[in-house]
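The values are calculated or read from the model by the stated rules, or taken from the named source; none is laboratory data. Source: prediction; values computed, not measured. Cβ sites come from the backbone with ideal geometry, for glycine too, and all protein chains shown count toward neighbours.
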Amino acid sequence: MEDETGIVEVLAEAVKKARKGLGLSQEDLALEAGLDRTYVSQVERGTRNCTIIVLARLARALKTSPDRLLVPQKKTRG
């Protein structure tokens with residue numbers, strides 16, 4: 001089933017931005033969230049549709065709330 005809402009891409013961008021903002025590697029984030037590094041990579045590339053449980057784990061590891069990871073990021077010019 002294709003993601004028609006774009007929410008997977010929104011999550012991908014938000015996770016990557018938050019991870020980099022904290023200075024974490026994908027491996028660091030994976031360890032904090034109790035996930036495999038390849039899973040984190042798939043989430044960040046938008047190829048993995050994670051469960052609500054995983055969303056909560058990622059949010060906790062990124063020191064944010066799950067809902068903040070589901071809000072589209074504003075595009076910056078650069």
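Would you kindly identify the helices (runs of 4 or more DSSP H) lying entirely within the chain that contain at least 1 residues that are modelled with pLDDT of 95 or more and aromatic (Phe, Trp, Tyr)?
Details: elements: 7-21, 26-33, 37-45, 52-61.
Passing ranges, in order: 37-45.
Mind listing whichever residues of the stretch 24-70 are exposed (fewer than 15 other Cβ atoms within 10 Å of the Cβ) and acidic (Asp, Glu)?
Across the stretch 24-70, the qualifying residues are Glu27, Asp36, Asp67.
Answer yes or no: is there a residue in the stretch 10-33 that is out of contact with any strand residue (DSSP E or B) (no Cβ under 6 Å at 6 or more places or on another chain), touching a residue at least 60 places away in the same chain (Cβ under 8 Å) and of a type in the set (Val, Ile, Thr). First the steps, then the outcome.
Filtering the stretch 10-33 down to residues out of contact with any strand residue (DSSP E or B) (no Cβ under 6 Å at 6 or more places or on another chain) leaves 10-33.
From what's left, touching a residue at least 60 places away in the same chain (Cβ under 8 Å): 10, 13.
Remaining after also requiring of a type in the set (Val, Ile, Thr): 10.
Yes, there is a match, as at least one residue in the stretch 10-33 is out of contact with any strand residue (DSSP E or B) (no Cβ under 6 Å at 6 or more places or on another chain), touching a residue at least 60 places away in the same chain (Cβ under 8 Å) and of a type in the set (Val, Ile, Thr).
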